[in-house]
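Undergrad: After the structure tokens below, expect a handful of questions from me.
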Amino acid sequence: MGSINPQGGSRGGADIVGGGIGEGPGPDIMAAAPLDGNKVMSSDGEHVGKISDIMLDVRGGRIAYAVLSEGGFLGMGSKLDAIPWNALTLDTAERCFYVDIAAQRLKDDPGFDKDRWPSMADEAWGMSTHSYYNRQPYWQATKDVVERDPAVRPLEH
């Protein structure tokens, strides 16, 4: 399978493909809970794990990362990876996510243990993680859009 999103989303969010649009609010705006447990496929078509958590930048009001759970048995021994949200594509027809990175590269990502999470608010950690996935950090992408487009600037009171 080829790359789903070779240019990388410039909006700062996950791309959406597929025709699996049903009743309800999705897929443009939806609850995060139904996305937990969705399988993740690599750019070379390998099932690499499942979404275990979706991490919010609470102060910035954005989705920052999806946490991928790889391997393990009954949740033990599994490695976790924080994937920048803008490195994912939601396939509504297949009900899965695609990450634009080869399976082996994802396996080579050091990731982290479920009992030792990194400080995801640390800018150096975030820059390194986004760089690994060849994505612009979400906080910079949003800032660039706001600075370029006066229509999306916050209202001034």
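Read the figures in this text as sums done on the coordinates, not as results from a lab. What you see is a predicted model; the values in this text were computed from it and never measured.
Undergrad: Report the full-extension gain for the segment F112 to S131: residue separation times 0.36 nm, less the Cα-Cα distance, to one decimal in nm.
TA: Details: separation 19, 0.36 × 19 = 6.84 nm, distance 1.68 nm.
Residue separation times 0.36 nm, minus the Cα-Cα distance, leaves 5.2 nm.
Undergrad: Now, a different point. Can you give the extra length, in nm with one decimal, that the chain gains between K39 and A121 once fully stretched, where that is 0.36 nm per residue apart less the Cα-Cα distance?
TA: On the way: separation 82, 0.36 × 82 = 29.52 nm, distance 2.56 nm.
Result: 27.0 nm gained on full extension.
Undergrad: Quick check on the range 74-138: take the gyration tensor over C-alpha atoms, sort the square-rooted eigenvalues as a ≥ b ≥ c, and tell me if it's rounded (a/c under 1.5), prolate or oblate. Intermediate values should be presented prior to the final figure.
TA: Values: a/c = 1.72, a/b = 1.12, b/c = 1.53.
Cα axes put the range 74-138 in the oblate bin.
Undergrad: To continue, here is another question. If amide hydrogens are placed 1.01 Å from N in the peptide plane, which non-local residues have theirs closer than 5 Å to the one on D53?
TA: HN-HN under 5 Å from D53: V67.
Undergrad: So if each residue of separation counts as 0.36 nm, and I subtract the Cα-Cα distance between L56 and T92, what length gain in nm does that give? Show your work: numbers first, answer last.
TA: Working: separation 36, 0.36 × 36 = 12.96 nm, distance 2.15 nm.
That works out to 10.8 nm of additional length.
Undergrad: Would you please give the residues with an amide H less than 5 Å from that of L88, counting only those at least 5 places away or on a separate chain, with H modeled from the backbone geometry?
TA: D15
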